[in-house]
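A short worksheet on the structure shown next.
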Amino acid sequence: MPDQIIATLIDRLLDGSITPEEKELLAQWVLHDSDEKDLHSMMAQAWRDFKPGESLPSEQADRILGTILHRVKEQEPTQPVAAPVHELPARQAPVRRMRPYRIAAAVLLFIILTGAGFYMLRKQSGPTPVAIAAKDVAPPSATRAVLTLSDGSRIVLDSAGKGNIATQRTTAVIKQGDGDIVYQTDGKTNDIEYNTLTVPRGSRIAHVTLSDGTRVWLNAGSSLRYPVAFNGPDRKVEVTGESYFEVAQDKAHPFVVSKGNNAITVLGTHFNVNAYDEEGPMKVTLLEGSVKVTSGSGNSLLLPGQMAIMDQGQNIDVLKNADIERVMAWKNGYFNFSSTDIRTIMRELSRWYGLELDFENETAEKFHVEISRDIPLSKVLRILEMTDKIHFSISGNKVTVMP
(Lines give C-alpha, C1' and ligand atoms only; values in the text may rest on other atoms or scores of the structure.)
Protein backbone atom coordinates (compact mmCIF):
# COMPACT_ATOMS: atom_id res chain seq x y z
CA MET A 1 0.00 0.00 0.00
CA PRO A 2 1.16 3.59 -0.58
CA ASP A 3 2.95 5.25 2.35
CA GLN A 4 0.31 7.98 2.57
CA ILE A 5 -2.46 5.44 3.14
CA ILE A 6 -0.46 3.58 5.80
CA ALA A 7 0.33 6.83 7.60
CA THR A 8 -3.34 7.81 7.56
CA LEU A 9 -4.40 4.42 8.96
CA ILE A 10 -1.85 4.68 11.78
CA ASP A 11 -3.08 8.19 12.64
CA ARG A 12 -6.66 6.93 12.76
CA LEU A 13 -5.61 4.00 14.93
CA LEU A 14 -3.97 6.32 17.45
CA ASP A 15 -6.85 8.77 17.67
CA GLY A 16 -9.49 6.02 17.84
CA SER A 17 -11.29 6.81 14.58
CA ILE A 18 -10.16 3.72 12.64
CA THR A 19 -12.90 1.40 11.34
CA PRO A 20 -12.82 -2.41 11.70
CA GLU A 21 -12.16 -2.74 7.97
CA GLU A 22 -9.27 -0.27 8.10
CA LYS A 23 -7.91 -2.04 11.17
CA GLU A 24 -7.86 -5.39 9.36
CA LEU A 25 -6.20 -3.75 6.34
CA LEU A 26 -3.48 -2.34 8.56
CA ALA A 27 -3.03 -5.70 10.27
CA GLN A 28 -2.54 -7.43 6.92
CA TRP A 29 0.10 -4.86 5.99
CA VAL A 30 1.94 -5.39 9.28
CA LEU A 31 1.88 -9.17 8.93
CA HIS A 32 2.59 -9.63 5.25
CA ASP A 33 3.43 -6.50 3.24
CA SER A 34 5.66 -4.32 5.42
CA ASP A 35 9.42 -4.55 5.56
CA GLU A 36 11.67 -3.35 8.37
CA LYS A 37 12.42 0.02 6.82
CA ASP A 38 8.79 0.80 5.96
CA LEU A 39 7.41 -0.13 9.36
CA HIS A 40 10.10 1.69 11.30
CA SER A 41 9.58 4.84 9.22
CA MET A 42 5.80 4.78 9.50
CA MET A 43 5.76 4.17 13.28
CA ALA A 44 8.70 6.38 14.31
CA GLN A 45 6.83 9.64 14.83
CA ALA A 46 3.86 8.07 16.59
CA TRP A 47 6.26 6.08 18.79
CA ARG A 48 8.10 9.27 19.83
CA ASP A 49 4.82 11.07 20.51
CA PHE A 50 3.80 8.47 23.06
CA LYS A 51 7.22 7.52 24.39
CA PRO A 52 9.89 10.21 24.03
CA GLY A 53 13.48 9.16 23.58
CA GLU A 54 15.25 6.38 21.74
CA SER A 55 14.82 3.61 24.30
CA LEU A 56 12.53 2.35 27.02
CA PRO A 57 13.61 1.64 30.59
CA SER A 58 14.48 -2.06 30.49
CA GLU A 59 12.16 -3.11 33.34
CA GLN A 60 9.16 -1.42 31.75
CA ALA A 61 10.10 -2.65 28.29
CA ASP A 62 10.32 -6.26 29.48
CA ARG A 63 6.89 -6.00 31.08
CA ILE A 64 5.30 -4.38 28.02
CA LEU A 65 6.66 -6.90 25.54
CA GLY A 66 5.98 -9.87 27.81
CA THR A 67 2.35 -8.83 28.17
CA ILE A 68 1.96 -8.19 24.46
CA LEU A 69 3.40 -11.51 23.35
CA HIS A 70 1.57 -13.46 26.05
CA ARG A 71 -1.80 -12.01 25.10
CA VAL A 72 -1.17 -12.23 21.38
CA LYS A 73 -0.53 -15.96 21.81
CA GLU A 74 -3.88 -16.26 23.60
CA GLN A 75 -5.79 -15.02 20.51
CA GLU A 76 -8.16 -17.59 19.03
CA PRO A 77 -6.94 -19.00 15.67
CA THR A 78 -10.35 -18.31 14.13
CA GLN A 79 -10.14 -14.56 14.65
CA PRO A 80 -9.28 -12.44 11.58
CA VAL A 81 -5.50 -12.21 10.89
CA ALA A 82 -4.80 -14.10 14.10
CA ALA A 83 -3.21 -17.19 12.57
CA PRO A 84 0.16 -15.62 11.71
CA VAL A 85 0.49 -14.26 15.24
CA HIS A 86 1.90 -17.54 16.51
CA GLU A 87 4.92 -16.93 14.32
CA LEU A 88 6.03 -14.29 16.80
CA PRO A 89 8.54 -15.90 19.20
CA ALA A 90 7.83 -15.50 22.91
CA ARG A 91 11.26 -14.05 23.61
CA GLN A 92 12.59 -13.55 27.12
CA ALA A 93 15.24 -11.01 26.14
CA PRO A 94 14.70 -7.34 27.05
CA VAL A 95 13.05 -5.13 24.44
CA ARG A 96 16.17 -2.98 24.15
CA ARG A 97 17.89 -5.95 22.47
CA MET A 98 15.18 -6.26 19.84
CA ARG A 99 15.23 -4.33 16.62
CA PRO A 100 12.94 -1.25 16.76
CA TYR A 101 10.62 -2.40 14.00
CA ARG A 102 9.86 -5.63 15.88
CA ILE A 103 8.81 -3.65 18.97
CA ALA A 104 6.52 -1.45 16.87
CA ALA A 105 5.10 -4.44 15.03
CA ALA A 106 4.33 -6.33 18.24
CA VAL A 107 2.62 -3.32 19.80
CA LEU A 108 0.68 -2.39 16.68
CA LEU A 109 -0.41 -5.95 15.99
CA PHE A 110 -1.61 -6.47 19.54
CA ILE A 111 -3.66 -3.27 19.37
CA ILE A 112 -5.27 -4.31 16.11
CA LEU A 113 -6.14 -7.82 17.26
CA THR A 114 -7.57 -6.83 20.65
CA GLY A 115 -9.27 -3.62 19.58
CA ALA A 116 -7.64 -1.81 22.51
CA GLY A 117 -6.51 1.82 22.42
CA PHE A 118 -2.85 2.68 21.93
CA TYR A 119 -0.66 1.44 24.80
CA MET A 120 -3.59 -0.14 26.63
CA LEU A 121 -2.94 -3.76 27.48
CA ARG A 122 -6.28 -4.98 28.72
CA LYS A 123 -8.61 -7.94 28.22
CA GLN A 124 -11.48 -7.63 25.78
CA SER A 125 -13.96 -8.08 28.61
CA GLY A 126 -12.33 -5.42 30.80
CA PRO A 127 -13.68 -1.96 31.60
CA THR A 128 -13.93 0.68 28.91
CA PRO A 129 -10.55 2.45 28.63
CA VAL A 130 -10.14 6.16 29.35
CA ALA A 131 -13.66 7.47 28.79
CA ILE A 132 -12.83 10.91 27.43
CA ALA A 133 -15.11 13.92 27.29
CA ALA A 134 -15.44 15.85 24.05
CA LYS A 135 -12.53 18.07 25.10
CA ASP A 136 -9.34 16.39 26.31
CA VAL A 137 -7.11 18.06 28.92
CA ALA A 138 -4.12 19.62 27.18
CA PRO A 139 -0.79 20.19 28.92
CA PRO A 140 -0.29 23.75 30.17
CA SER A 141 0.70 26.07 27.35
CA ALA A 142 1.68 29.13 29.40
CA THR A 143 3.34 30.13 32.63
CA ARG A 144 0.44 31.41 34.71
CA ALA A 145 2.73 32.57 37.49
CA VAL A 146 1.80 35.60 39.61
CA LEU A 147 4.38 38.00 41.03
CA THR A 148 3.34 39.74 44.25
CA LEU A 149 5.36 42.90 44.88
CA SER A 150 6.38 44.38 48.23
CA ASP A 151 3.42 46.79 48.19
CA GLY A 152 0.94 43.93 47.68
CA SER A 153 0.25 44.60 44.02
CA ARG A 154 0.12 41.57 41.74
CA ILE A 155 1.42 41.02 38.22
CA VAL A 156 0.16 38.11 36.11
CA LEU A 157 3.35 37.33 34.23
CA ASP A 158 1.73 35.74 31.21
CA SER A 159 -0.20 38.97 30.60
CA ALA A 160 2.71 41.32 31.25
CA GLY A 161 4.70 42.73 28.36
CA LYS A 162 8.41 42.28 27.86
CA GLY A 163 10.92 44.59 29.51
CA ASN A 164 10.71 46.39 32.84
CA ILE A 165 7.51 45.29 34.57
CA ALA A 166 8.24 46.82 38.00
CA THR A 167 10.78 49.00 39.83
CA GLN A 168 11.25 48.68 43.59
CA ARG A 169 13.69 51.23 44.99
CA THR A 170 16.98 50.46 43.20
CA THR A 171 15.87 47.13 41.73
CA ALA A 172 14.20 46.61 38.36
CA VAL A 173 12.16 43.51 37.54
CA ILE A 174 12.65 42.53 33.90
CA LYS A 175 10.57 40.09 31.89
CA GLN A 176 12.70 38.62 29.13
CA GLY A 177 11.56 37.49 25.72
CA ASP A 178 11.36 33.85 26.82
CA GLY A 179 9.17 34.80 29.79
CA ASP A 180 11.92 34.45 32.41
CA ILE A 181 12.08 37.03 35.21
CA VAL A 182 15.36 38.77 36.10
CA TYR A 183 16.06 41.12 39.02
CA GLN A 184 18.64 43.82 38.31
CA THR A 185 19.93 45.94 41.21
CA ASP A 186 21.79 49.22 40.67
CA GLY A 187 22.74 49.82 44.28
CA LYS A 188 22.26 48.67 47.88
CA THR A 189 19.48 49.74 50.20
CA ASN A 190 19.11 49.34 53.96
CA ASP A 191 15.49 48.26 53.63
CA ILE A 192 14.52 44.64 53.00
CA GLU A 193 11.46 44.23 50.81
CA TYR A 194 10.04 40.90 49.74
CA ASN A 195 8.44 39.61 46.57
CA THR A 196 6.59 36.32 46.17
CA LEU A 197 6.48 34.33 42.94
CA THR A 198 3.54 31.89 42.87
CA VAL A 199 3.12 29.21 40.21
CA PRO A 200 -0.41 27.76 40.33
CA ARG A 201 -1.51 24.27 39.43
CA GLY A 202 -1.97 23.88 35.69
CA SER A 203 0.94 26.19 34.88
CA ARG A 204 4.20 25.65 33.09
CA ILE A 205 7.46 25.99 35.01
CA ALA A 206 8.53 29.50 36.01
CA HIS A 207 12.15 30.66 36.04
CA VAL A 208 13.51 33.63 37.99
CA THR A 209 17.01 35.06 38.41
CA LEU A 210 17.35 36.77 41.78
CA SER A 211 19.32 39.96 42.40
CA ASP A 212 22.46 38.02 43.43
CA GLY A 213 22.44 35.95 40.22
CA THR A 214 20.90 32.83 41.78
CA ARG A 215 18.61 31.03 39.35
CA VAL A 216 15.44 29.27 40.51
CA TRP A 217 12.95 27.09 38.62
CA LEU A 218 9.51 26.57 40.18
CA ASN A 219 7.26 23.61 39.42
CA ALA A 220 3.46 23.86 39.22
CA GLY A 221 1.82 24.35 42.62
CA SER A 222 4.88 26.10 44.11
CA SER A 223 5.95 29.47 45.49
CA LEU A 224 9.12 31.36 46.38
CA ARG A 225 9.36 34.33 48.77
CA TYR A 226 12.61 36.30 48.53
CA PRO A 227 14.12 39.76 49.11
CA VAL A 228 14.02 42.18 46.20
CA ALA A 229 17.71 42.81 46.97
CA PHE A 230 19.96 40.88 49.36
CA ASN A 231 21.62 43.25 51.83
CA GLY A 232 22.04 41.28 55.07
CA PRO A 233 24.66 38.80 56.32
CA ASP A 234 22.89 35.95 54.54
CA ARG A 235 20.50 35.41 51.64
CA LYS A 236 17.24 33.93 52.94
CA VAL A 237 14.32 32.68 50.85
CA GLU A 238 11.22 30.61 51.65
CA VAL A 239 9.68 27.88 49.53
CA THR A 240 6.57 25.79 49.11
CA GLY A 241 6.08 23.06 46.52
CA GLU A 242 9.07 22.15 44.38
CA SER A 243 12.01 24.25 43.20
CA TYR A 244 15.42 23.73 41.66
CA PHE A 245 18.22 26.13 42.67
CA GLU A 246 21.49 27.10 41.03
CA VAL A 247 22.91 29.33 43.74
CA ALA A 248 25.38 32.08 42.84
CA GLN A 249 28.57 31.63 44.84
CA ASP A 250 29.19 34.15 47.64
CA LYS A 251 31.25 32.78 50.53
CA ALA A 252 30.60 35.84 52.65
CA HIS A 253 26.81 35.53 52.39
CA PRO A 254 25.36 32.00 52.81
CA PHE A 255 22.19 31.20 50.89
CA VAL A 256 19.43 29.77 53.09
CA VAL A 257 16.26 28.07 51.84
CA SER A 258 13.63 27.39 54.48
CA LYS A 259 10.22 25.88 55.02
CA GLY A 260 8.88 25.68 58.56
CA ASN A 261 11.56 24.23 60.84
CA ASN A 262 13.58 22.91 57.91
CA ALA A 263 16.46 24.84 56.35
CA ILE A 264 19.11 24.35 53.69
CA THR A 265 22.33 26.38 53.92
CA VAL A 266 24.69 26.68 50.94
CA LEU A 267 27.41 28.92 49.56
CA GLY A 268 27.03 28.09 45.89
CA THR A 269 25.59 24.86 44.54
CA HIS A 270 22.82 23.09 42.60
CA PHE A 271 20.01 21.26 44.40
CA ASN A 272 16.32 20.36 44.21
CA VAL A 273 13.76 20.90 46.97
CA ASN A 274 10.48 18.98 47.06
CA ALA A 275 8.35 20.54 49.80
CA TYR A 276 4.77 19.82 48.73
CA ASP A 277 2.67 19.43 51.88
CA GLU A 278 0.76 16.52 50.37
CA GLU A 279 3.97 14.60 49.59
CA GLY A 280 5.08 14.16 53.21
CA PRO A 281 8.57 15.01 54.51
CA MET A 282 10.59 17.64 52.65
CA LYS A 283 13.21 16.17 50.32
CA VAL A 284 16.46 17.90 49.35
CA THR A 285 18.53 16.37 46.55
CA LEU A 286 22.04 17.63 45.85
CA LEU A 287 23.39 17.64 42.31
CA GLU A 288 26.55 19.72 42.73
CA GLY A 289 28.60 21.18 45.59
CA SER A 290 27.58 20.61 49.21
CA VAL A 291 24.74 21.74 51.48
CA LYS A 292 23.92 21.58 55.15
CA VAL A 293 20.37 20.59 55.94
CA THR A 294 18.78 21.42 59.30
CA SER A 295 15.58 20.15 60.87
CA GLY A 296 14.97 21.53 64.36
CA SER A 297 18.23 20.95 66.22
CA GLY A 298 19.37 18.15 63.90
CA ASN A 299 21.59 18.72 60.89
CA SER A 300 23.48 16.80 58.22
CA LEU A 301 25.92 17.54 55.39
CA LEU A 302 24.93 16.33 51.92
CA LEU A 303 27.27 15.29 49.12
CA PRO A 304 26.39 15.20 45.39
CA GLY A 305 23.96 12.41 44.54
CA GLN A 306 22.49 12.28 48.04
CA MET A 307 18.97 13.09 49.23
CA ALA A 308 17.92 14.32 52.66
CA ILE A 309 14.42 13.37 53.84
CA MET A 310 13.39 15.84 56.53
CA ASP A 311 10.34 15.99 58.78
CA GLN A 312 9.30 19.00 60.84
CA GLY A 313 10.97 17.62 63.95
CA GLN A 314 14.63 16.66 64.23
CA ASN A 315 14.77 13.59 62.00
CA ILE A 316 16.93 13.67 58.88
CA ASP A 317 17.37 10.52 56.82
CA VAL A 318 20.06 10.59 54.13
CA LEU A 319 19.67 8.49 51.00
CA LYS A 320 23.17 8.05 49.60
CA ASN A 321 22.22 7.09 46.05
CA ALA A 322 19.29 9.25 45.03
CA ASP A 323 17.57 8.70 41.68
CA ILE A 324 18.63 12.01 40.13
CA GLU A 325 16.84 11.29 36.87
CA ARG A 326 13.59 10.74 38.73
CA VAL A 327 14.07 13.85 40.89
CA MET A 328 14.86 16.14 37.96
CA ALA A 329 12.28 14.74 35.54
CA TRP A 330 9.87 17.65 36.13
CA LYS A 331 12.46 20.24 35.10
CA ASN A 332 13.56 18.17 32.10
CA GLY A 333 10.05 17.91 30.68
CA TYR A 334 8.75 14.49 31.62
CA PHE A 335 7.13 12.37 34.32
CA ASN A 336 9.32 9.63 35.75
CA PHE A 337 7.51 7.10 37.92
CA SER A 338 9.58 4.30 39.41
CA SER A 339 7.71 1.86 41.65
CA THR A 340 5.18 4.64 42.26
CA ASP A 341 1.66 4.16 43.63
CA ILE A 342 -1.35 5.50 41.77
CA ARG A 343 -2.23 8.23 44.30
CA THR A 344 1.26 9.73 44.10
CA ILE A 345 1.10 9.63 40.31
CA MET A 346 -2.31 11.27 40.20
CA ARG A 347 -1.24 14.03 42.58
CA GLU A 348 1.63 14.89 40.26
CA LEU A 349 -0.63 14.81 37.22
CA SER A 350 -3.22 16.97 39.00
CA ARG A 351 -0.65 19.69 39.70
CA TRP A 352 0.59 19.76 36.11
CA TYR A 353 -2.75 19.50 34.29
CA GLY A 354 -4.79 21.34 36.97
CA LEU A 355 -7.07 18.41 37.75
CA GLU A 356 -9.74 17.51 40.26
CA LEU A 357 -9.43 13.87 41.34
CA ASP A 358 -12.01 11.31 42.38
CA PHE A 359 -10.96 7.83 43.48
CA GLU A 360 -13.43 4.98 43.07
CA ASN A 361 -10.68 2.37 43.18
CA GLU A 362 -7.49 1.62 45.07
CA THR A 363 -4.75 -0.60 43.67
CA ALA A 364 -1.50 -1.84 45.16
CA GLU A 365 0.04 -1.79 41.69
CA LYS A 366 3.37 0.04 41.42
CA PHE A 367 4.02 1.81 38.13
CA HIS A 368 7.29 2.09 36.20
CA VAL A 369 6.96 4.55 33.35
CA GLU A 370 8.53 7.64 31.82
CA ILE A 371 6.18 9.97 29.93
CA SER A 372 6.49 13.38 28.29
CA ARG A 373 4.75 16.21 30.13
CA ASP A 374 3.84 17.80 26.80
CA ILE A 375 1.16 15.35 25.66
CA PRO A 376 -2.61 15.41 26.31
CA LEU A 377 -3.79 13.84 29.56
CA SER A 378 -5.63 11.00 27.81
CA LYS A 379 -2.38 9.68 26.34
CA VAL A 380 -0.78 9.60 29.80
CA LEU A 381 -3.74 7.72 31.25
CA ARG A 382 -3.75 5.22 28.40
CA ILE A 383 -0.16 4.34 29.22
CA LEU A 384 -1.05 3.81 32.89
CA GLU A 385 -3.93 1.53 31.88
CA MET A 386 -1.45 -0.91 30.38
CA THR A 387 -1.36 -2.85 33.65
CA ASP A 388 -5.09 -3.64 33.47
CA LYS A 389 -5.17 -2.75 37.19
CA ILE A 390 -6.58 0.75 36.84
CA HIS A 391 -8.86 2.69 34.49
CA PHE A 392 -9.92 6.30 34.16
CA SER A 393 -12.64 8.58 32.92
CA ILE A 394 -12.19 12.27 32.06
CA SER A 395 -14.93 14.86 32.31
CA GLY A 396 -13.78 18.43 31.98
CA ASN A 397 -10.88 18.80 34.42
CA LYS A 398 -12.12 15.97 36.63
CA VAL A 399 -10.49 12.54 36.45
CA THR A 400 -12.13 9.54 38.05
CA VAL A 401 -9.90 6.59 38.95
CA MET A 402 -11.89 3.38 38.44
CA PRO A 403 -11.40 -0.37 38.95
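The values are calculated or read from the model by the stated rules, or taken from the named source; none is laboratory data. Keep in mind the model is a prediction, meaning the values are calculated, not measured. Please note: Cβ atoms are built from the backbone with ideal geometry, for glycine as well, and neighbour counts cover all protein chains shown.
Remarks
- Flag if Val380 is surrounded by 19 or more Cβ atoms within 10 Å (Cβ to Cβ) and closer than 22 Å to Ile205 by Cα: yes
- Options Gly313, Gly298, Gly305; residue that is surrounded by fewer than 16 Cβ atoms within 10 Å (Cβ to Cβ) and modelled with pLDDT of 95 or more: Gly305
- Only a single item in (1) modelled with pLDDT under 95; (2) crowded, with 20+ Cβ neighbours inside 10 Å; (3) closer than 18 Å to Trp330 by Cβ is not met by Val257, and it is number (1).
- Flag for Leu210 being in contact (Cβ under 8 Å) with a residue 24 or more places away in the chain and either closer than 26 Å to Asp374 by Cβ or not assigned by TED's automatic domain parsing to the domain that holds Glu288 (or both): no
- Of all residues in the stretch 316-339, those that are surrounded by 15 or more Cβ atoms within 10 Å (Cβ to Cβ), without any contact (Cβ under 8 Å) to a residue 24 or more places away in the chain and among the basic types (Lys, Arg) total 1.
- Among the residues making up the stretch 254-303, a single one is in contact with a His (Cβ under 7 Å, 6 or more places away or on another chain) and either outside the structural domain of Gly213 (by TED's automatic domain parsing) or acidic (Asp, Glu) (or both): Glu288.
- Where strands (runs of 3 or more DSSP E) fall wholly inside the stretch 236-282, the ranges with 1 or more residues that are of a type in the set (Val, Ile, Thr) and over 20 Å from the mean Cα position of the chain (by Cα) are 255-259, 262-266.
- Applying the condition of being touching a Pro at 6+ places or on another chain (Cβ under 7 Å) and part of a strand (DSSP E or B) to the stretch 304-314 and asking which residue is nearest to His368 (Cα to Cα) yields Ile309.
- Residues in the stretch 181-201 that are β-branched (Val, Ile, Thr) and either outside the structural domain of Val257 (by TED's automatic domain parsing) or under 26 Å from the mean Cα position of the chain (by Cα) (or both): Ile181, Val182, Thr196, Thr198, Val199.
- In the stretch 161-178, the residues that are at pLDDT below 95, under 18 Å from Leu218 (Cβ atoms) and not acidic (Asp, Glu): none
- Residue match in the stretch 184-192 (condition: part of a loop (DSSP other than H, G, I, E, B) and either in contact with an Asp or Glu (Cβ under 6 Å, 6 or more places away or on another chain) or modelled with pLDDT of 95 or more (or both)): no
- Extreme residue, nearest to Tyr334 (Cα to Cα), among residues of the stretch 356-374 that are buried (at least 17 other Cβ atoms within 10 Å of the Cβ) and among the aliphatic types (A, V, I, L, M): Ile371
- Yes/no for Asn261 being farther than 23 Å from Ile371 by Cα and polar (S, T, N, Q): yes
- Among residues of the stretch 370-397 that are under 18 Å from Leu357 (Cα atoms), those with a beta-carbon under 7 Å from a residue that is of a type in the set (Lys, Arg) at least six positions away or on a different chain give the pairs Glu385/Arg122.
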